[in-house]
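The values are calculated or read from the model by the stated rules, or taken from the named source; none is laboratory data. None of these values were measured; they are calculated from a predicted model. As a convention, Cβ positions derive from the backbone with ideal geometry for all residues, glycine included, and neighbour counts pool all protein chains shown.
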Amino acid sequence: MNRADWILALAIVVLALLVGPAVHAASATAPASIVTITGPSGTSEVPLATDAELHVTGLDGEVVVVIEHGAARVEDSSCPDRVCVRSGAISDSGEVIVCIPNGVTIRIGGERSDGLDAVVR
């Protein structure tokens, strides 16, 4: 490597050290605060801090969504396999529960601030 290569490599390292923290700070968002429930009849948004029980009319029947203690879950559904009910509660930004037979989606608003794309349980 000649002198120009060393200077270029040093410039790239310095640039990465300067830009990295700024990109990380810009990607951090506010904590999750909204639950978005989408179904065949439309979309509803409910604050995650509000305790509520919502009855959503799906394609195959009713889906009961419960929001309590900062988490959302499907309490009951008319779908045959009830995978959405067994999926449990969600509370982190970006988490989703989907009832495919009923066409209902429950999503926690915001983006994950911990840098993870997904969490497998």
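Numbers for the structure displayed
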| item | result |
| --- | --- |
| Residues within region 1-54 that are of a type outside the set (S, T, N, Q), modelled with pLDDT under 80 and within 24 Å of Ala71 (Cβ to Cβ), tallied | 4 |
| Strands (runs of 3 or more DSSP E) lying entirely in region 29-87 (those with 2 or more residues that are of a type outside the set (Val, Ile, Thr)) | 42-47, 52-57, 62-68, 71-77 |
